[in-house]
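Contents: one structure, followed by commentary.
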Amino acid sequence: MNHRELDDVLGKRWRKPAFVQNPALRWTLFLGFFAYLVAAFLTIEVDWGRVYDGLDRGWAFVLAFTSPDFTSRWSDIWSGLWESIVMTVAASVVGIAISIPIGLGAARNIAPLPVYVICRGVVAISRALQEIIVAILLVAIFGFGPLAGFLTLSFATIGFLSKLLAEEIEAMDRVQAEAIKASGARWMQWINYGVQPQVMPRLVGLSMYRIDINFRESAILGLVGAGGIGATLNTAFDRYEYDTAAAILLLIIGIVMALEYLSGVIRARVQ
Amino acid sequence: MPVLERDGAQIWRRRTGRESLIRWFGWLLGVAVFVYCWQIISASTTWFFVWDAPRIADDIWTRATPPRWDYITQLGRPIWDTLNIATLGTLIALCLAVPVAFLAARNTTPSALFIRPIALLIIVSTRSINSLIWALLLIAIIGPGVFAGVIAIAIRSIGFCAKLLYEAIEEIDHTQVEAITATGASRWQVMAYGIVPQILPAFAGIAVFRWDINIRESTVLGLVGAGGIGLQLSASLNVLAWPQVSLILLVILAAVVISEWVSAKVRSAII
């Protein structure tokens, strides 16, 4: 703040500075947003009678969490859950293995331009398509079952992990990599001793995070026939068996929490 | 530094013999687990369909191209619904996430022993369940439609927003809070003038980031009947109208790209 501004301000009451400085822009944003909200509320049709009727069922579902039924459908739950876990493990392994070379290729400071463009293209396609849409297409092509789910999750892992790995490589310290190169290392040795040690902690952390996401996603792939716990869950909802559904949801939450705890421990160790 | 003695000369090694042995067994175990998982997937796959896949994919491709462009006139309303689901869902989620985040942050929670674990439980449980599953559940409770989609997106986003927000609250500069407290401000005044201005940029960033993710998720919510463009997608898939499916996929792709562009622009303007 220079002296001129200070003179203007002196003697006046302090006012909280606005978040958006320009008043015209602020009011346009505010009014536009308000107009949008009104339009949105006018076009949403809510059947309040139906909602009111549903409150009882909602309450029944909340109550079901206090008495989840693990036993009566245990064999279905177990086979679905096991399939989800198997899909998660296999897809994470394959996805991570493929995303490392693609991540190397998508880093501008390592890869030549043609390779860079191709790898960035793969990443962009994989990130733009959602898991569930990929799963629908793959189920149509490969048939029902965990193979489609496995391929979907691997494909989604590539987009996620390659992009973040490439960003990490682009942000690495050049000096260390150059020192290895100056010692006469071949390309593989350069990557192995100059680049890999710098990005390894981040790669391990991201991989753990992705395993966590893959498990969560594997829970919905069953809705479109791509294997996993989703099909069992959908059936439970369709039959209004809220206690079984609650049991499945509790199991998913439990596994996700365990994975998050495990990834926290592993990340703390590698960093 | 691990070295190897050979013919009286010392050769540098990256790891000691014991370390490399442990690593080797680790890899062996990992490969064994992967092979086991792959066998399970392979056992529940109909391989005939897989060998037939290139022909099927080619068949679908010829059916799906060119997209049925004139169908786009019927997509206006679903796109508007999708936008509403994402935006209103994000707004509701933010309103609910703010108190949860303040209760979960170590430096603002009223009671670290009782209230913080409850807030963390809300965060974990809403985060670990996909919005499609929330939508399934809400459709069973309050009936299909846009409203169920809005609520599903809102519940799913609470955990995500609250987690990022409470991490931002925990990282605030404590000296500013102390300065406000030293002026004799009440608890709420400290909140409004000491904490809120520090987390406002993070809050805006989180809001836009989540809105971008929610646009993606709301495009597929219709698959389970929760309104938006996914309803058209699932209807077209059910009658195998592939030209319509390819058009809808293109529209979804465009929506995802635009929302990502908007969110990147807004975030770079804020930060």
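Looking at segment A:44-57, can you tell me whether even one residue there is within 25 Å of residue B:201 (Cβ to Cβ) and either within 13 Å of another protein chain (Cβ to nearest Cβ) or loosely packed, with under 11 Cβ neighbours inside 10 Å (or both)?
Within segment A:44-57, none of the residues are within 25 Å of residue B:201 (Cβ to Cβ) and either within 13 Å of another protein chain (Cβ to nearest Cβ) or loosely packed, with under 11 Cβ neighbours inside 10 Å (or both).
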Residues of segment B:161-191 satisfying the condition of being more than 12 Å from chain A (Cβ to nearest Cβ) and closer than 30 Å to residue B:130 by Cβ = B:161, B:162, B:164, B:165, B:166, B:167, B:168, B:169, B:170, B:171
request  = Just give me the residues in segment A:108-158 being of a type in the set (Val, Ile, Thr), in contact (Cβ under 8 Å) with a residue 12 or more places away in the chain and away from chain B (no Cβ under 12 Å), in sequence order.
outcome  = A:110, A:118, A:122, A:123, A:152, A:157, A:158
task = Under 7 Å between Cβ atoms, at least 6 apart or on separate chains: pull out the pairs that start in segment B:93-122 with a residue that is in the same structural domain as residue B:134 (by TED's automatic domain parsing) and end on any residue that is among the polar types (S, T, N, Q).
result = B:93/B:157; B:102/B:108; B:103/B:109; B:115/B:109; B:116/B:109
inquiry  = over 27 Å from residue B:86 (Cα atoms) and in a helix (DSSP H, G or I): which single residue out of B:176, B:198 fits that description?
reply    = B:176
remark   = Just one listed residue, out of A:91, A:97, is over 30 Å from residue A:234 (Cβ atoms), within 14 Å of chain B (Cβ to nearest Cβ) and either touching a helix residue (DSSP H, G or I) at 6+ places or on another chain (Cβ under 8 Å) or not acidic (Asp, Glu) (or both), and it is A:97
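Residue-wise test of (1) of a type outside the set (A, V, I, L, M); (2) at the interface with chain A (Cβ under 9 Å from one of its Cβ atoms); (3) crowded, with 18+ Cβ neighbours inside 10 Å.
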residue	(1), (2), (3)
B:93	no, no, yes
B:136	no, yes, yes
B:140	no, yes, yes
B:144	yes, no, yes
task = Could you grab me the full set of residues in segment B:226-247 that are under 20 Å from residue A:221 (Cα atoms) and either of a type in the set (Ser, Thr, Tyr) or surrounded by 20 or more Cβ atoms within 10 Å (Cβ to Cβ) (or both)?
result = B:226, B:227, B:228, B:229, B:230, B:231, B:232, B:233, B:234, B:236, B:245
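Residue-by-condition table, conditions (1) surrounded by fewer than 19 Cβ atoms within 10 Å (Cβ to Cβ); (2) in contact with a helix residue (DSSP H, G or I) (Cβ under 6 Å, 6 or more places away or on another chain); (3) within 22 Å of residue B:267 (Cα to Cα):
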{"residue": "B:167", "(1), (2), (3)": "yes, no, yes"}
{"residue": "B:175", "(1), (2), (3)": "yes, no, no"}
{"residue": "B:178", "(1), (2), (3)": "yes, no, no"}
{"residue": "B:202", "(1), (2), (3)": "yes, yes, yes"}
{"residue": "B:217", "(1), (2), (3)": "no, yes, yes"}
message = Quick test of your reading of the structure: residue B:194 fulfils all but one of (1) more than 23 Å from residue B:130 (Cα to Cα); (2) away from chain A (no Cβ under 11 Å); (3) within 20 Å of the chain's Cα centre (by Cα). Name the failing condition by number.
response = (3)
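For residue A:229, indicate whether it is surrounded by fewer than 21 Cβ atoms within 10 Å (Cβ to Cβ), in contact with a Ser or Thr (Cβ under 6 Å, 6 or more places away or on another chain) and at pLDDT below 90. Spell out how you get there, then give the answer.
Values: surrounded by fewer than 21 Cβ atoms within 10 Å (Cβ to Cβ): no; in contact with a Ser or Thr (Cβ under 6 Å, 6 or more places away or on another chain): yes; at pLDDT below 90: yes.
For residue A:229, the condition - surrounded by fewer than 21 Cβ atoms within 10 Å (Cβ to Cβ), in contact with a Ser or Thr (Cβ under 6 Å, 6 or more places away or on another chain) and at pLDDT below 90 - is not met.
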request  = Scan segment B:204-215 for residues that are closer than 20 Å to residue A:223 by Cβ and surrounded by fewer than 22 Cβ atoms within 10 Å (Cβ to Cβ) and jot them down.
outcome  = B:213
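The values are calculated or read from the model by the stated rules, or taken from the named source; none is laboratory data. Computed from a prediction, not measured in an experiment: that's the story for all the values here. Counting neighbours? That spans all protein chains shown, and the Cβs are built from the backbone with ideal geometry, glycine included.
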